[in-house]
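The values are calculated or read from the model by the stated rules, or taken from the named source; none is laboratory data. Here the structure is a predicted model, which means the values were calculated and not measured. Ideal geometry is used to build each Cβ from the backbone, glycine not excepted, and the neighbour counts take in all protein chains shown.
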Amino acid sequence: MRTIGHWIDGEVVEGTSGRRGPVYDPATGEVQAEVAFASVEEVDRAVAVAAEAFWGWRSTSLARRSEVMFNLRELVEANRKEIASIIGQEHGKVLSDALGEVARGLENVEFACGIPNLLKGGYSEQVSTGVDVYQIRQPLGVVAGITPFNFPAMVPMWMFANALACGNTFVLKPSEKDPSTSLFLAELLKQAGLPDGCFNVIQGDRVAVDRILEHPDVAAVSFVGSTPVARYVYETATRNGKRVQALGGAKNHMLVLPDADLDMAADAAVGAAYGSAGERCMAVSVVVAVRSIADELVAKIAERIPSVRVGPASDPEAEMGPLITAEHRDRVAGYVAGAPQEGATVVVDGREGVPEQGFFLRPSLLDHVRPDMRCYRDEIFGPVLSVVRVDSYDEGVRLIKDNPYGNGVALFTRDGGVARAFQFEVNVGMVGINVPIPVPVSYYSFGGWKASLFGDQHMYGPEGIAFYTRSKVVTARWPDPRTSAVDLGFPQTR
Ligand code: NAD
């Protein structure tokens with residue numbers, strides 16, 4: 001059986017801990033490889049290598065750091081189909097979806113190409129006589145990223161592009177479920193001219209994560225994954241004195257008002273609920289329909305579902321792939337099975353008509369869902385869309401505001417005034433107005449509110465640059481005999 005190793009100091013390194021985990025082909029259900037699980041010593045070696053590489057990379061000119069990002073941009077673009085294929089083999093997502101993931105990740109490399117501009121500080125001349133003040137932003141040191149299975153290329157690129165461009169060195173702990181993409185990206189970074197040791201990949205489980213969270217030489221941790229683990233990572237790493245941004249799970253609502261274009265809303269709901277088999281943190285999982293249009297909207301969504309083509313990543317026509325593991329598929333199917341006992345209606349049952357092999361489900365649609373039901377409360381993270389009916393806009397907004405998650409939300413309406421009121425009052429980090437998956441472009445920043453984010457800084461974009469640097473303010477006076485005198489008072493500018 002093939003074993004997938006780590007990437008340390010510019011090369012693939014076999015695992016030595018003796019611990020391994022299976023990597024499935026979700027389209028067949030077969031184990032296709034094993035991934036090494038790092039020991040504490042292996043994490044320590046990766047961090048030591050990154051610490052050793054830090055001063056050299058941190059002292060490298062901005063022009064050169066930018067050039068490495070430009071080179072990486074060309075390499076990712078040239079290899080996008082190869083990257084998409086690796087994603088498809090281990091994650092299962094279909095080709096068009098995987099190519100979209102690569103494109104959205106690449107945006108962050110493109111943003112990081114502008115690092116000389118992004119690191120410009122402020123300068124104040126003559127704050128006092130002969131004294132100038134300026135601010136510089138400097139890298140933190142070794143920073144770590146811990147990433148989820150659902151975006152094995154994009155989420156690491158959210159992190160390492162800006163982190164490296166800012167002059168940090170990086171240790172990535174990708175999901176053990178689809179570990180190969182990160183090794184391919186490491187190879188591309190090397191080809192782009194990044195010195196060995198600046199980017200390292202440690203495969204593994206909680207042992208590796210815990211060591212990263214407590215390692216004294218790791219300055220900051222970026223995490224993306226489920227809410228319970230995000231909370232744990234945030235609490236543990238901050239207790240150990242690290243800077244942390246930990247993005248958690250989601251329950252994204254799409255509020256549809258009576259004046260909305262219902263065909264457009266139905267198209268959007270189907271794409272946003274079932275794309276990537278619902279395994280997106282920005283997937284729409286609840287449609288909140290104002291009662292007067294609810295029957296019509298549910299009918300329009302239901303009539304679109306049969307034409308969703310479910311199949312393996314190797315099928316170029318497939319629009320929706322399998323789920324990540326058999327265990328996850330069964331968990332998702334359990335919500336559909338349990339819905340009628342709780343009083344919901346199963347309009348479309350995605351457990352029917354699925355391929356025999358692999359971890360497939362078809363799209364499911366649940367209607368008359370209420371906020372107390374499990375299928376509403378839990379993050380399902382699969383192709384199950386719930387419809388909650390409300391009497392008014394106000395009731396819909398209250399539901400959204402009361403939800404513990406706050407990652408993404410969408411409003412479908414033709415009324416600009418209501419849309420403005422919605423974006424003003426809703427307590428969610430990313431808002432779409434007639435846009436179902438409002439993932440911000442790379443020159444804004446990505447992050448939710450409430451239980452969808454632990455920490456202060458959102459990921460990538462300007463907040464990513466702020467997260468991966470710290471500010472230093474220099475107050476300078478150069479010898480000028482005309483301005484020199486003994487003064488024992490506290491420095492003042494007047
Ligand atoms: P996960 O939380 O199970 O795993 C994320 C990472 O944490 C992985 O690298 C994993 O190895 C590690 N991990 C898992 N359990 C751990 C534990 N007990 N202790 C320490 N480390 C642990 O998440 P997942 O299943 O890989 O990804 C799906 C989740 O990620 C969903 O909840 C989804 O909403 C969320 N997600 C959020 C965003 C966002 O931007 N907010 C983006 C993508 C995914």
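Has the range 331-338 got at least one residue that is at pLDDT 95 or above, surrounded by fewer than 22 Cβ atoms within 10 Å (Cβ to Cβ) and in contact with a Phe, Trp or Tyr (Cβ under 9 Å, 6 or more places away or on another chain)? The answer is yes; a qualifying residue exists. Scanning for something in contact with a Phe, Trp or Tyr (Cβ under 7 Å, 6 or more places away or on another chain), free of Cβ contacts under 8 Å to residues at least 60 places away in the same chain and under 20 Å from SER39 (Cα atoms), does the range 213-235 turn up at least one residue? No, because not a single residue in the range 213-235 is in contact with a Phe, Trp or Tyr (Cβ under 7 Å, 6 or more places away or on another chain), free of Cβ contacts under 8 Å to residues at least 60 places away in the same chain and under 20 Å from SER39 (Cα atoms). Highlighted here are the helices (runs of 4 or more DSSP H) found entirely within the range 366-439 that include at least 3 residues which are over 27 Å from SER276 (Cα atoms) and either more than 16 Å from the ligand (Cβ to nearest atom) or over 22 Å from the mean Cα position of the chain (by Cα) (or both): 393-402, 416-425. Would you mind stating whether VAL346 is within 16 Å of ASN252 (Cα to Cα), surrounded by 13 or more Cβ atoms within 10 Å (Cβ to Cβ) and in contact with a strand residue (DSSP E or B) (Cβ under 7 Å, 6 or more places away or on another chain)? Taking the combined requirement at face value, the residue does not satisfy it.
For the range 77-124, the set of residues classified as assigned to a loop (DSSP other than H, G, I, E, B) and either of a type in the set (D, E, K, R) or assigned by TED's automatic domain parsing to the domain that holds GLY382 (or both) consists of LYS93, LYS120, listed by residue number.
Taking the stated definitions as given, is VAL31 free of Cβ contacts under 8 Å to residues at least 40 places away in the same chain, part of a strand (DSSP E or B) and on the phi < 0 side of the Ramachandran plot? Let's see the steps before the verdict.
Details: free of Cβ contacts under 8 Å to residues at least 40 places away in the same chain: yes; part of a strand (DSSP E or B): yes; on the phi < 0 side of the Ramachandran plot: yes.
Answer is yes for this residue.
In the range 239-268, which residue that is closer than 18 Å to ASP456 by Cβ and in contact (Cβ under 8 Å) with a residue 60 or more places away in the chain is nearest to the ligand (Cβ to nearest atom)? Before you say what the answer is, go through the steps one by one.
Taking the range 239-268 first, the residues closer than 18 Å to ASP456 by Cβ are 239-248.
Filter once more, keeping what is in contact (Cβ under 8 Å) with a residue 60 or more places away in the chain: 243-248.
Working: ARG243: 18, VAL244: 13, GLN245: 10, ALA246: 9, LEU247: 4, GLY248: 6 Å.
Here the residue is LEU247.
Within the range 139-180, how many residues turn out to be touching an Asp or Glu at 6+ places or on another chain (Cβ under 7 Å), aliphatic (A, V, I, L, M) and more than 13 Å from the ligand (Cβ to nearest atom)? Of the residues in that region, 1 qualify.
Which pairs do you get when a residue that is assigned by TED's automatic domain parsing to the domain that holds ARG389 and in a loop (DSSP other than H, G, I, E, B), found in the range 336-349, comes within reach of a residue that is surrounded by fewer than 17 Cβ atoms within 10 Å (Cβ to Cβ) and among the charged types (D, E, K, R), reach meaning Cβ atoms under 9 angstrom, with the pair 6+ apart or on two chains? If the second residue must be surrounded by fewer than 17 Cβ atoms within 10 Å (Cβ to Cβ) and among the charged types (D, E, K, R), the pairs left are GLY343/ARG370; ALA344/ARG370. State which residue is nearest to GLY145 (Cα to Cα) when the search covers only the range 215-233 and only residues that are part of a loop (DSSP other than H, G, I, E, B) and within 11 Å of the ligand (Cβ to nearest atom). The extreme case among them is GLY225. Considered as a group, the residues in the range 181-197 that are under 11 Å from TRP7 (Cα atoms) and assigned to a loop (DSSP other than H, G, I, E, B) include one that is farthest from the ligand (Cβ to nearest atom), and that residue is ASP196. Of the listed requirements (1) in the same structural domain as CYS166 (by TED's automatic domain parsing); (2) touching a residue at least 24 places away in the same chain (Cβ under 8 Å), ASP415 misses just one: (1). Quick check: is even one residue across the range 200-210 assigned to a loop (DSSP other than H, G, I, E, B), more than 14 Å from PRO152 (Cα to Cα), modelled with pLDDT of 95 or more and of a type in the set (S, T, N, Q)? No - not one qualifying residue is present in the range 200-210.
Can we say SER314 is surrounded by fewer than 22 Cβ atoms within 10 Å (Cβ to Cβ), part of a helix (DSSP H, G or I) and among the hydroxyl-bearing types (Ser, Thr, Tyr)? Spelling it out, it is not the case that SER314 is surrounded by fewer than 22 Cβ atoms within 10 Å (Cβ to Cβ), part of a helix (DSSP H, G or I) and among the hydroxyl-bearing types (Ser, Thr, Tyr).
In the set GLN492, GLN457, only one residue is outside the structural domain of ASP402 (by TED's automatic domain parsing), closer than 25 Å to VAL229 by Cα and not small (Gly, Ala, Ser); that residue is GLN457. Among the residues making up the range 271-287, a single one is more than 16 Å from the ligand (Cβ to nearest atom) and either surrounded by fewer than 24 Cβ atoms within 10 Å (Cβ to Cβ) or not assigned by TED's automatic domain parsing to the domain that holds ARG331 (or both): GLY271.
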